Amino acid sequence: MTKRALITGVNGQDGSYLAELLLSQGYRVIGLDRTPPPKDLPSLAALDAHLVVDLMEPGSLEAAVRQVRPDELYCLAAHHFSSQTDSNRSGRLEPFLRVNLMAPSDALEFIATELPSCRFFYAASAQVFGAPASSPQNELTPRNPDTAYGISKSAGMDVCRYFRTHRGVFASVGILYNHESPRRGESFITTQIVRAAALASTTAREPLIVRDLDAVVDWGAAQDYVRAMWLSLQQATSGEYIIASGTGRTVRDFAEAAFAVVSLRASDHVNQEGPAPMSTRIPRVGDISKIRETCGWDPAIPFGDLVRSMVEAHLQQLAQGTSR
């Protein structure tokens with residue numbers, strides 16, 4: 001019997017790759033986003049339907065789940081932030097809570113009472129750990145979120161645990177570390193770096209200014225991570241999983257890899273906005289032992305291949321005149 005999946009945030013990086021994966025597995029896929037599908041993602045035309053829904057509206061996700069009645073619900077839509085600004089600490093908490101907490105909570109309540117066969121995936125974030133006390137982190141590492149985004153995602157994890165433990169819902173959580181692809185949004189530092197590399201290979205540009213070249217990040221490929229999401233819902237029981245590469249690299253490492261693709265030196269094109277921060281922050285790096293042992297998942301796309309694919313995508317956009 002053909003499974004039906006509903007993906008929130010289907011227009012985004014993760015949602016579009018997940019839709020393609022599920023379609024290849026023979027699913028009927030319904031996408032949900034706050035805008036119509038973009039023209040540069042023709043694969044989304046193969047969806048059974050694309051629902052335009054604003055999750056800021058109370059009850060909107062519950063209504064969509066009631067309409068679609070999916071076998072699997074992937075809750076990927078999120079109110080995001082940029083690591084290059086302070087808006088995630090100074091902005092209002094309400095939009096984070098509405099999209100990242102209340103909308104999934106409404107859906108889980110409906111599943112618990114009216115659609116108990118539906119399996120639910122919640123995309124959490126390594127931001128739930130805040131400034132961790134140890135590295136690498138695993139599923140038992142204490143959470144200590146210090147941003148509005150992290151707070152809302154940590155609360156979402158608690159809600160999933162409640163419905164899993166006390167209401168009998170199959171509710172799995174992926175604690176996602178940084179993951180990239182040619183579809184990564186423009187506000188992310190990785191996209192800014194690969195775009196700078198592509199531009200620098202064609203014309204003289206002002207240097208890209210970043211906050212901290214020595215910041216350590218656990219970067220993986222979005223295509224790998226959506227496969228982990230899907231695998232988590234194919235298990236006998238639900239649970240929480242770290243989804244990461246397991247390796248920490250600096251922003252400088254990422255920049256050097258990106259500029260090497262176009263035979264340039266990152267140090268000539270990427271600068272830090274001020275003196276190197278005096279930081280003793282323990283890096284967020286994930287321990288993927290549990291998902292490896294439980295789901296048989298390992299990342300398949302090497303870091304160098306990931307960065308190269310991103311730079312080459314931006315070079316192609318420049319050649320086609322579609323890069324901003």
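Listed values, structure above:
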| quantity | calculated |
| --- | --- |
| For the stretch 1-119, average projected area of the Cα convex hull in nm² | 7.9 |
| Cα-only Debye scattering, the stretch 143-210: base-10 log of I(q)/I(0) at q = 0.11, 0.24 Å⁻¹ | -0.49, -1.05 |
| Alpha-carbon centroid distance for the pair the stretch 101-136 / the stretch 218-239, whole angstrom | 14 |
| Radius of gyration and Dmax over the Cα atoms of the stretch 96-240, both given in Å | 18.1, 60 |
| Beta bridges by DSSP in the chain, antiparallel share as percent, to the nearest 5 | 10 |
| Segment residue 45-residue 66, length gained on full extension (0.36 nm per residue, minus Cα span) | 5.3 nm |
| Neighbour net charge for residue 4 - beta-carbon separation under 10 angstrom, K R +1, D E -1 | 0 |
| Rg ratio (alpha-carbon, reference 2.2 N^0.38 Å) - the stretch 4-56 | 0.99 |
| Difference of contour (0.36 nm per residue) and Cα-Cα distance, residue 57 to residue 204 | 48.4 nm |
| Translational D in µm²/s for the stretch 214-324 (Stokes-Einstein at 37 °C, 0.692 mPa s, Kirkwood Rh from C-alpha pairs) | 201 |
| Which of 113, 141 has the fewest Cβ neighbours within 10 Å, and the rest in rising order | 113, 141 |
| J(HN,Hα) series, the stretch 33-50, from Karplus relation 6.51 cos²θ - 1.76 cosθ + 1.60, nearest Hz, glycine and proline x | 7, 7, 9, x, x, x, 5, 7, 10, x, 4, 5, 5, 7, 5, 5, 7, 10 |
| P(r) weight above 14 Å for the stretch 119-160, C-alpha pairs, percent | 42 |
| Equivalent ellipsoid dimensions for the chain as semi-axes, Å, which come from the Cα gyration tensor, largest first | 33, 23, 18 |
| Neighbour net charge for residue 290 - beta-carbon separation under 13 angstrom, K R +1, D E -1 | -4 |
| Two-site FRET efficiency, residue 292 against residue 134, from Cβ-Cβ distance with R₀ of 22 Å, rounded to 0.05 | 0.65 |
| Residue order, fewest to most beta carbons within 10 Å, for 43, 238 | 43, 238 |
| Taking 195, 292 and counting other C-beta atoms within 10 Å, the order from fewest to most | 292, 195 |
| Estimated distance in nm for a label pair at residue 2 and residue 214, the labels positioned 7 Å out from Cα along Cα-to-Cβ | 5.6 |
| Paramagnetic reach from residue 318 in the stretch 199-232 [backbone N under 11 Å; point 7 Å along Cα→Cβ] | 199-205 |
| Under the Karplus curve 6.51 cos²θ - 1.76 cosθ + 1.60, θ = phi - 60°, whole-Hz ³J(HN,Hα) for the stretch 23-32, x wherever Gly or Pro sits | 4, 5, 8, x, 6, 8, 10, 10, x, 9 |
| Theoretical gain in end-to-end length, residue 94 to residue 186 [0.36 nm per residue, Cα-Cα removed] | 30.7 nm |
| Local net charge near residue 213, Cβ-Cβ under 15 Å (Lys/Arg +1, Asp/Glu -1) | -1 |
| GluC sites (Glu not before Pro) within the stretch 236-324, DSSP loop, no more than 14 other Cβ atoms inside 10 Å | 273 |
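No value in this document is a laboratory result; all are computed from the given coordinates. The model shown is predicted, which means the values in this text are computed figures rather than measured ones. Note: ideal-geometry Cβ built from the backbone for every residue, glycine included; neighbour counts use all protein chains shown.
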